[in-house]
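The values are calculated or read from the model by the stated rules, or taken from the named source; none is laboratory data. Source: prediction; values computed, not measured. Cβ placement follows ideal geometry from the backbone for every residue including glycine, while neighbour counts extend to all protein chains displayed.
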Amino acid sequence: MGPIEASLKARAHEIHERLKNTKLPDDIQAIDYVSKIRELEKKIKVLEAQLLQARFETAKPSIQGQVIHRIIAMVSEKERIAIADLTGPCRLKMVCLPRQICMYLASHYTNCSSVTIGKQLGGRDHSVIFHSRDKIAKKRLVNQAFHIKMCWYEEQLGHGPIV
């Protein structure tokens, strides 16, 4: 049980105890007590739903980051380039093109922002991600062999080729 859940349960118990010790006239005490408990239960359910949503939202970036790492590892293996080179400052063509492939795939197959993708690929600026995405898209249109290579990457990610 996390600290938020423990805090919610403690607060619910405290409210429950306070309501239990409240003295009301006999004719409305039972009705009011039951309605207060039901109201409290509804509030707890709303808080639990919000907690579940918050957990999902915090887990989502982690999952997206894992997908980006998977893309980087896949491109690194296929192109026979070290991950450190893909995420490093090297500007050699033999490194830049695979890095741009990573950026293209990450921008198309994750919901991550260009800033997040840039951070995962060595702290690159968002404009570099846009440039890479556009460059790879254009290269796919004019180079059939390159398009086939990109289709292979997409299939490895679990997405069919884009026709």
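Worth pointing out:
- One residue stands out in segment 121-131 among those that are out of contact with any Cys (no Cβ under 8 Å at 6 or more places or on another chain) and crowded, with 19+ Cβ neighbours inside 10 Å: the one that is farthest from D85 (Cα to Cα), namely I129.
- Residue match in segment 70-92 (condition: modelled with pLDDT under 90, assigned to a helix (DSSP H, G or I) and among the β-branched types (V, I, T)): no
- Residue pairs meeting the criteria (Cβ under 7 Å; at least 6 apart or on separate chains; first in contact (Cβ under 8 Å) with a residue 24 or more places away in the chain, in segment 113-138; second among the charged types (D, E, K, R)): L121/R99
- Residue in segment 124-133 that is under 20 Å from V67 (Cβ atoms) and in a loop (DSSP other than H, G, I, E, B) present: yes
- Qualifying residue in segment 103-112 (condition: free of Cβ contacts under 8 Å to residues at least 60 places away in the same chain, under 18 Å from the mean Cα position of the chain (by Cα) and farther than 17 Å from V75 by Cα): yes
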